[in-house]
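Structure, as structure tokens:
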Amino acid sequence: MMRNDQRSRQHREPDGHAAHDEHDPTVSRPVLAGAALMVAVAIGFAALAQLTGIGKQQPPVAAVVDERALVFTDGDNGIITVREPADGTLVAHLPRDRNGFVRTIVRGLAFHRKRKGLGAEYPFTLRRYADGRLSLTDEATGRSMQLIAFGRPNEAVFARLLELRRERS
């Protein structure tokens, strides 16, 4: 005696071809070819954009109105110490509980230093531009972070490091 699922597999269409089961997991060749073509076109456009620079986002060119070289040290207790590189003058102690963003940005830049075999002896440069943007640049690796990309509250933490110098002057 045949079960229903066996009968459905044996069913033939009027033209003599076997009927497909509703749950047939195979994908037709035209569908696979279409998917492969879409992937190839996407890779082609990505390569074209990379080679030509089309679609690349660049921050607008603006004059630097303020800059400060800073050395960040991650302490054992989680406090980030910020110092002037020239004479080691203390700029700020940033507590662990409220400065995770600073830690993340500095560690991200430091990661690229380690990959190039560089240490913490080089300072980072914090810059304010005429249009109000702030960036933190690692001159040793050439990497730069546009801090507005992380939101105004996070950018304000770094802006405070520029303001501290003015308050002491």
Query raised in the report: Roughly how many debye, to the nearest 20, is the charge dipole of region 70-128 about its Cα centre, given +1 on each Lys and Arg Cβ, -1 on each Asp and Glu Cβ, and no other charges?
Result: 380 debye
Query raised in the report: Per residue, how much space in cubic angstrom lies within the convex hull of the C-alpha atoms of region 94-169?
Result: 112 Å³
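Taking the Cα centre as origin and putting +1 on Lys and Arg beta-carbons and -1 on Asp and Glu beta-carbons, what dipole magnitude results for region 36-169, to the nearest 20 debye? Walk me through the numbers before you get to the answer.
Values: 20 positive and 14 negative charges, 46 e Å.
Magnitude of the dipole: close to 220 debye.
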Query raised in the report: For the residue pair Glu163 and Gln146, what label-to-label distance in nm results when each label sits 7 Å from Cα along the Cα-to-beta-carbon direction?
Result: 2.4 nm
Report task. Between Val27 and Gln50, with labels modelled 7 Å along Cα→Cβ, what's the label distance in nm to one decimal, could you check? Result -> 2.3 nm
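Just so you know, all these numbers are worked out from the coordinates, no wet-lab data involved. A quick note: this is a predicted structure, and the numbers were derived from the prediction, not measured. Cβ coordinates were reconstructed from backbone atoms using ideal geometry, including for glycine residues, and neighbour counts include every protein chain displayed.
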